[in-house]
Amino acid sequence: MVMIPAGSFVMGSDKVDSENKAKEYGSVKPWYSDEHPRRQLALPAFWLDKFEVTNAEYREFVIANNYWVPEEWKNNGYLLSPEVLAVADLATLRRLGDEIFRLDANVEAMDEKALLAAINAQQRRRDKLPVTGVNWFNANDYCRWAGKRLPTEAEWEKAARGPDGREYPWGDQWDRSRLNANGGEDWEFGPAPVGSYPRGASPYGVMDMAGNVMEWVRDWYQAYPGGDAQSEAFGTQYKVLRGGGWGGVGHYAIPQFYRSAYRLNMRPGAAYADIGFRCAKDVGAAGH
């Protein structure tokens, strides 16, 4: 975890969508207005995960608690342990390699040793990916199990923007090479291993706060104090997600959705392939 120091920071923005870009891109809500007003806030110090919670970390939680499994795991073999795979016969390994793990190889030409090596290598790669397909309740349960909690919106935004109110974690200028957004050149269409974009780190060294996966935070979607936004979505229907995901929003991966002030709202039961989370912790809490 990274300690985010006490002090003030810029939260929100005063931007306006003067060109009506929200309509052009088919956005279901106006751009910028729910970020109003831009203001200085002060927060005490807190801890925040440097990386998004990974599949490997979430798997420990699932096993320890006999907990609900992300839907994708039911079909991709991720819960099969090396011990279970090690006792599988050749025919089973070939079937698993072809139908479940979808190895990019001719499994019929591979022996048991080669199949196990290829399958275990794929499992290790998956270990490093952020867990996805988790809803707000799942994320909250994991953080509590780990002795942590979900960050507040304000904590998340401070950790992303630093004290100077920058647009993106790395600065004010959009730079596609600093994040995983909408496929890119480096990864298949989907999440990248956490920490793969060190040049996109926030001022405090927190990774992947733009792109990779959208991240649940603790708050309900509400208007900011003193803000001018009005929405039927405000209240206790929707939770907030931050950071933008690898797939963009509404099929568009444009800079707007990766700004550190951008707010997305979804019902807390939503679980999609580009939604994950990270945890926070109070300074002085057990373990730090």
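The values are calculated or read from the model by the stated rules, or taken from the named source; none is laboratory data. Note that this is a predicted model, so its numbers are computed, not measured. Heads up, the Cβs are rebuilt from the backbone with ideal geometry, glycines too, and the neighbour counts pull from every protein chain shown.
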Q) For Ala160, which of the numbered conditions (1) of a type in the set (A, V, I, L, M); (2) in contact with a strand residue (DSSP E or B) (Cβ under 7 Å, 6 or more places away or on another chain); (3) part of a helix (DSSP H, G or I) fails to hold? A) (2)
Q: Would you mind telling me which numbered condition in (1) surrounded by 15 or more Cβ atoms within 10 Å (Cβ to Cβ); (2) not in a strand (DSSP E or B) Val10 fails?
A: (2)
Q | Hits in the stretch 235-258 - residues which are part of a loop (DSSP other than H, G, I, E, B), buried (at least 24 other Cβ atoms within 10 Å of the Cβ) and at pLDDT 95 or above | A | Gly243
Q | Some residue of the stretch 198-218 being of a type outside the set (Val, Ile, Thr), within 21 Å of Pro70 (Cα to Cα), out of contact with any Gly (no Cβ under 7 Å at 6 or more places or on another chain) and not in a loop (DSSP other than H, G, I, E, B) | A | yes
Q: Go through the residues of the stretch 143-164 one by one and say whether even a single one is more than 30 Å from Pro44 (Cβ to Cβ) and at pLDDT 95 or above.
A: no
Q.
Restricting to the stretch 210-265, and then to whatever is within 14 Å of the chain's Cα centre (by Cα) and among the β-branched types (Val, Ile, Thr), can you tell me which residue is farthest from Gly200 (Cα to Cα)?
A. Val240
Q. Is it the case that Tyr78 is aromatic (Phe, Trp, Tyr), over 20 Å from Val213 (Cα atoms), surrounded by 14 or more Cβ atoms within 10 Å (Cβ to Cβ) and without any contact (Cβ under 8 Å) to a residue 60 or more places away in the chain?
A. no
Q) Within the group Ala223, Ala192, Ala154, Ala229, which residue is assigned to a helix (DSSP H, G or I) and touching a residue at least 60 places away in the same chain (Cβ under 8 Å)? A) Ala154
Q. Quick one: how many residues across the stretch 13-54 are modelled with pLDDT under 95, outside any loop (DSSP other than H, G, I, E, B) and not basic (Lys, Arg)?
A. 2
Q) Exactly one of (1) in contact (Cβ under 8 Å) with a residue 60 or more places away in the chain; (2) within 21 Å of Ala146 (Cα to Cα); (3) loosely packed, with under 15 Cβ neighbours inside 10 Å; (4) of a type outside the set (A, V, I, L, M, F, W, C) is unmet by Gly205. Its number? A) (2)
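Okay, residues lined up against (1) out of contact with any helix residue (DSSP H, G or I) (no Cβ under 9 Å at 6 or more places or on another chain); (2) of a type in the set (Lys, Arg):
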| position | (1), (2) |
| --- | --- |
| Arg125 | yes, yes |
| Gly133 | no, no |
| Trp136 | yes, no |
| Gly147 | yes, no |
| Arg161 | yes, yes |
| Leu179 | no, no |
| Gly211 | no, no |
(Q) Can you find, within the stretch 83-104, the residue that is surrounded by the most Cβ atoms within 10 Å (Cβ to Cβ) among those that are in contact with a helix residue (DSSP H, G or I) (Cβ under 6 Å, 6 or more places away or on another chain) and free of Cβ contacts under 8 Å to residues at least 24 places away in the same chain? (A) Gly97
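Listed here are the residues, each with its yes/no results for (1) assigned by TED's automatic domain parsing to the domain that holds Tyr78; (2) touching a Cys at 6+ places or on another chain (Cβ under 9 Å).
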| site | (1), (2) |
| --- | --- |
| Ala109 | yes, no |
| Leu115 | yes, no |
| Asn135 | no, no |
| Cys143 | no, yes |
| Lys148 | no, yes |
(Q) Among the residues that make up the stretch 124-134, is at least one of them more than 18 Å from the chain's Cα centre (by Cα), of a type in the set (Val, Ile, Thr) and surrounded by 21 or more Cβ atoms within 10 Å (Cβ to Cβ)? (A) no
